[in-house]
1. Please check: in the Gaussian network model of the chain (C-alpha springs, under 10 Å), which one of Val31, Val64, Val40 has the largest mean-square fluctuation.
2. Ignoring any ligand, DNA or RNA, what whole percent of the accessible area of the chain comes from carbon and sulfur when the probe is 1.4 angstrom?
3. Take the Cα radius of gyration of the range 1-42 and divide it by 2.2 N^0.38 Å, with N its residue count; two decimals is plenty.
4. Using the Cα atoms of the range 43-88, I'd like the radius of gyration and the largest Cα-Cα distance, Dmax, both in angstrom.
5. In the chain, which helices (entire DSSP H runs) extend 30 Å or more along their own long axis, judged by Cα positions, while averaging at least -0.5 on the Kyte-Doolittle scale?
6. Can you match Cα Rg over 2.2 N^0.38 Å to one of these, (1) 1.19; (2) 1.02; (3) 1.09, based on a calculation from the structure here?
7. Each label point is 7 Å from the Cα along the Cα-to-Cβ direction; what then is the distance between the points at Thr76 and Ala49, in nm?
8. Which one, Gly13, Gly73, Gly55, has the greatest fluctuation when you compute a Gaussian network model over the chain with C-alpha springs under 10 angstrom?
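The values are calculated or read from the model by the stated rules, or taken from the named source; none is laboratory data. Since we're looking at a predicted model, the values are computed, not measured. No Cβ is skipped: glycine too gets one built from the backbone with ideal geometry, and neighbour counts run over all protein chains shown. Areas reflect the complete protein model, heavy atoms only, side chains present, ligands, DNA and RNA absent. Shrake-Rupley method; radii C 1.70, N 1.55, O 1.52, S 1.80 Å.
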Amino acid sequence: MRPGRVLAGSAAGAGWMALFTLLGSDLASHVWWTAVAGAVAWLAALALARYGDRGAAVGLAVAVAVAWVAGAGTVTLYWSVTGDWPLW
């Protein structure tokens with residue numbers, strides 16, 4: 001794996017996740033858009049790992065993982081502060 005390919009996959013993944021996250025208007029919709037975009041990106045990463053560039057697949061998977069962790073952390077923080085589960 002080349003570092004440049006991993007960085008390219010990370011940049012593409014970060015852009016993809018940011019694009020879909022911005023479609024949400026409140027916390028719940030931001031997190032759901034992030035989850036759906038991440039699932040689609042993981043399918044693309046699996047296809048890249050199998051048939052394409054493994055470095056780009058790793059970068060894409062890392063970007064999705066970071067976005068999912070940020071979403072989970074935000075939901076956890078909101079839930080701990082308000083006592084209200086924001087996703088339902």
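1. In the Gaussian network model the winner is Val40.
2. Working: 4130 of 5610 Å².
For the chain, the apolar C and S fraction of the accessible surface comes to 74 percent.
3. Here the answer is 1.31, to two decimals.
4. According to the Cα coordinates of the range 43-88, Rg and Dmax are 15.4, 46 Å.
5. Numbers: long enough: 27-51 (36 Å, 1.22); 54-82 (42 Å, 1.36).
Taking the DSSP H segments of the chain (at least 30 Å long, mean hydropathy at least -0.5), we get 27-51, 54-82.
6. This structure yields the entry labelled (1).
7. Using points 7 Å along Cα→Cβ, the separation is 2.3 nm.
8. The residue that fluctuates most here is Gly73.
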